[in-house]
Structures are given as C-alpha cells and as structure tokens.
1. Is it true that Ala167 is closer than 24 Å to Ile40 by Cβ, touching a helix residue (DSSP H, G or I) at 6+ places or on another chain (Cβ under 8 Å), modelled with pLDDT under 95 and not basic (Lys, Arg)?
2. Out of Leu62, Leu34, Leu46, Leu91, report the one residue that is at pLDDT 95 or above, part of a helix (DSSP H, G or I) and more than 28 Å from Leu153 (Cβ to Cβ).
3. So is Thr117 crowded, with 16+ Cβ neighbours inside 10 Å and closer than 26 Å to Leu164 by Cβ or not?
4. Given the residues Ile87, Ile113, which is the only one that is within 24 Å of Ala51 (Cα to Cα) and either within 16 Å of the chain's Cα centre (by Cα) or β-branched (Val, Ile, Thr) (or both)?
5. Ala119: assigned to a strand (DSSP E or B), of a type in the set (Gly, Ala, Ser) and over 14 Å from Glu48 (Cα atoms), yes or no?
6. Taking the stretch 122-150 as the search range and keeping residues that are touching a Leu at 6+ places or on another chain (Cβ under 8 Å) and part of a helix (DSSP H, G or I), which one is surrounded by the fewest Cβ atoms within 10 Å (Cβ to Cβ)?
7. Search the stretch 46-81 for residues being among the polar types (S, T, N, Q) and out of contact with any His (no Cβ under 9 Å at 6 or more places or on another chain), and hand back the single one that is surrounded by the most Cβ atoms within 10 Å (Cβ to Cβ).
8. For the structure I just gave you, tell me whether Arg84 is under 20 Å from Phe171 (Cβ atoms), of a type in the set (D, E, K, R), surrounded by fewer than 17 Cβ atoms within 10 Å (Cβ to Cβ) and out of contact with any Phe, Trp or Tyr (no Cβ under 8 Å at 6 or more places or on another chain).
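The values are calculated or read from the model by the stated rules, or taken from the named source; none is laboratory data. Predicted, not measured: the structure shown is a model, and the values here were computed from it. For neighbour counting, all protein chains shown are included, and Cβ atoms are generated from backbone atoms with ideal geometry for every residue, glycine included.
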Amino acid sequence: MENDMAAANGQAKPDADGAEGEPASFLAMPGHLLRRCHQIGVAVFLDECRAFELTPLQFSTLAALDRFGSMDQASLGGVTALDRTTIIVVLTKLEERGLITRAPSRKDKRAKIVAITEAGRKVVREVMPSVLSAQERMLAPLNAREKAQLLALLGKMAEGNNRLSRAPHRFP
C-alpha cells in the first residue's frame, strides 16, 4: 500500500509484482500505464498545438486524408481506428471549419465521400512542427534506443490486438 501511494505521488516506481502473494499493483498494470500515457500525450498535444485549435483525433483525420486522399467515412474510420460515432463528430467539426468536405458517393448514395480542402492541407503543413514537438516531449524521458523499442512494442501490441478493438485499424 505504501509503495502504491508513493508511486501515485511520483516518489517511487510501482511494484510490478506486488508483495509475495499479493496481486500486482494497478499502478504497474499495462492498461493503467497506457491510459496515463494517453492522458499525457493528449495534454502535451493540446499544449503544443493550441494555436491551431485542433484535437489529436482531428489532426489524425486530416493527416490520413492528406496522405491517402479522399475516401468514404467508413474507410476513413478504419484508417484512423475511430468508431462510426466518433468519426462523424470529428468530421462535423472539421467541416464546420472548412478543412474537409463531405459529398454523397456516386457509387453508393448512402455513403459520404470525405475530402481534405486546401485549407485543411495548409493546417496539416503548419501544425506538423508542433505535432512533432509534442511527440518529442512525450518521449523525452527515453533515449534513442528506448524510443525505437517502445514504438516497435506498441506497434506490435496494437497490431496483435487489433481484432479486439471496437474500431479496428484498417488500411485503405
């Protein structure tokens, strides 16, 4: 218990194994650590990118459209690993700002084709240095080898567990 409290206050590292016969501390569990890193990542992103009034999900959506081109909303949700409801909320905000357009598909009238506008491309170019700075700040406690190792392991975890997600990642 003392080790848990110290770890929560940043005074000690959480005990991964717990005391003999005790379950591992929740502070050392991967789900908790990933959630904390996500919290930190969002906070750093918002701090670095505040001048652009862009969320991480809005950025990744614009970046996907910039990289892969126009596509229907369902495909874009797959590329960004966002569920149907979330991608619609993100697209509505981006459309209100004139950064994307949505139009009915010629092939399937039920589908909407999403395209990035020139204003959207400009935002992606202008925000990129801030996004990269946010990534560096987040990874700052790690040396170059550890950064590469962490990214490789996170990629392996995400790919290996993709089928478990409510919104699995799908390539265009």
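1. yes
2. Leu91
3. Judged against the criteria, Thr117 is not a match.
4. Exactly one of Ile87, Ile113 is within 24 Å of Ala51 (Cα to Cα) and either within 16 Å of the chain's Cα centre (by Cα) or β-branched (Val, Ile, Thr) (or both), namely Ile87.
5. no
6. If we filter the stretch 122-150 for residues that are touching a Leu at 6+ places or on another chain (Cβ under 8 Å), which is where we start, we get 123-124, 127, 139, 142, 147, 150.
Checking the rest, the ones that are also part of a helix (DSSP H, G or I) come to 123-124, 127, 139, 147, 150.
On the way: Val123: 24, Val124: 20, Val127: 21, Leu139: 15, Lys147: 16, Leu150: 13.
Residue satisfying both the conditions and the ranking: Leu150.
7. Thr61
8. Against the criterion (under 20 Å from Phe171 (Cβ atoms), of a type in the set (D, E, K, R), surrounded by fewer than 17 Cβ atoms within 10 Å (Cβ to Cβ) and out of contact with any Phe, Trp or Tyr (no Cβ under 8 Å at 6 or more places or on another chain)), Arg84 qualifies.
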